[in-house]
Amino acid sequence: MTMDYETEKCVLILDADMPAGLLANTAAILGITLGRQLPEAVGGDVTDGSGQTHLGIIAFPVPVLRGTAESLQSLRQRLGQPEFRDLTVADFSQLAQSCRTYGEFQEKMARTAGEDLRYLGLAICGDKRKVSRLTGSLPLLR
């Protein structure tokens, strides 16, 4: 997916009831997952005034929004509707957070129905109107 920053946007929605460390961990995991799905969203390396090089960062803002366990579950279900299937969606669940290895995560996910997952965070990217329709009523996480 190539991002057109005039017509598309990305947001993170996190369960604001989590402790700060888990909020940070969830945001980091979702960001890494998005980076894999949208590598063109990361700008080139930059050089500071002293000549030191710094790795490129994402080339556009990504608002982090305040969600609840209920709002995340509802959003994840809505994202399964045909009108939203063209959006890029990454999710991070309590099940994933509890696993020590990726193999354990794969095994547990295979045995768990989607409606039984408790989401800690979602990342949604795509058509600005669709993303705003889904998330426009959510406040910024502060």
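The values are calculated or read from the model by the stated rules, or taken from the named source; none is laboratory data. The shown structure was predicted, so the numbers you read here are calculated from the model rather than taken from an experiment. All Cβ positions, even for glycine, are placed from backbone atoms using ideal geometry, and neighbour counts span all protein chains on display. All accessible areas refer to the heavy atoms of the entire protein, side chains included, with ligands and DNA or RNA removed. Shrake-Rupley method; radii C 1.70, N 1.55, O 1.52, S 1.80 Å.
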The stretch 71-142, accessible surface, carbon-and-sulfur percent (1.4 angstrom probe): 46 percent
Cysteines, the chain, no other Cys beta-carbon under 4.7 Å: C99
Rg followed by Dmax, in Å, when the stretch 62-142 is reduced to its Cα trace: 13.5, 38
Angstrom value of the Kirkwood radius, inverse mean 1/r, which spans all Cα pairs in the chain: 16.2 Å
Heavy-atom surface of the chain, accessible at 1.4 Å and reported per residue (Å²): 59 Å²
Ranked order, R100, R76 - accessible area, probe 1.4 Å, largest first: R100, R76
Cα radius of gyration and Dmax for the stretch 33-100 (Å): 16.9, 51
Helix-derived mean residue ellipticity, 222 nm - over the chain, DSSP H n ≥ 4, -39500 (n - 2.57), to 500: -10500 deg cm²/dmol
Relative contact order %, the chain, counting alpha carbon pairs below 8 Å whose residues are six or more apart: 38 percent
Two-decimal log10 I(q)/I(0) for the stretch 1-63, as the Debye equation yields it once each C-alpha is a single scatterer, q = 0.16 Å⁻¹: -0.67
Order by protection proxy (mean Cβ within 10 Å, highest first), peptides 84-90, 40-46: 84-90, 40-46
